[in-house]
């Protein structure tokens, strides 16, 4: 049989046991104080031993009840232990019946920036054609004398000196820019908030993940005082990335209702990196991938 006690019930049972113990003490004290004429009774009475009534008379000796008191104390202790072991705390359940996690609006998402290729060098300037003045044109009579380049068999031809200078090799080409890892919008297994991996089916895990995500959001979300004073209500939309390790990054406010509500929601999202357990990463084709996660956060004044 499974026993469950709430906090209020456990406290009430423990208080009742304490009251019962105090009541028994007062009843025994009252019962023993009623016997006041014991001195006259034992005046002429012969005792089996002078040690019998040396400190207390046998009628008021509380040690005669030590066995009963010991058993009662043992039962009371076991009762308290039983109550404490069956003390059950229930998690606060959040009603998500009117809460829609799907965002129907389309938000323009900037693609991840990659390293831009270097700009090509500017083209060389066009050649400038200079006009030669007429005074510098040589006349036919002033043409230079040409020397004969004929070589006889007996002529000795010397080879040109060998060039001993070493030319440095050209520098290696620059390394290619690092390839940016793709961030998916929708994958086979979307990221899940931690704490629901003990569920058996995928649907149960997703439902439990949404429930725990909302509980975390509204347990740590602080309504901005400016928005509260001005009666600002509405839905802010936050987008973030869940990487392969379950870490949250690139938190952006897609829609803000003002009054600091968007910043408050983004702050709660960033605080998820301080949780003892990280998100369960998304998977595509059996491997972990980075996934965009869009989350609406509702701000509503109560009271």
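What follows is calculated from the coordinates using simple rules that are stated; it is not laboratory data. Fair warning: this is a prediction, and the values are worked out from it, not measured in the lab. Note that we place each Cβ from the backbone using ideal geometry, even for glycine, and neighbour counts take in every protein chain shown.
Each residue in the range 210-266 was checked for being in contact (Cβ under 8 Å) with a residue 60 or more places away in the chain, within 15 Å of the chain's Cα centre (by Cα) and in a loop (DSSP other than H, G, I, E, B), and 1 pass. If you go through the range 74-89 and keep only what is exposed (fewer than 13 other Cβ atoms within 10 Å of the Cβ) and touching a helix residue (DSSP H, G or I) at 6+ places or on another chain (Cβ under 8 Å), you end up with 84, 89.
Name the residues in the range 176-208 that are surrounded by 11 or more Cβ atoms within 10 Å (Cβ to Cβ) and free of Cβ contacts under 8 Å to residues at least 24 places away in the same chain, would you? 196, 199, 204, 205, 206, 207, 208 - these are the residues of the range 176-208 that are surrounded by 11 or more Cβ atoms within 10 Å (Cβ to Cβ) and free of Cβ contacts under 8 Å to residues at least 24 places away in the same chain.
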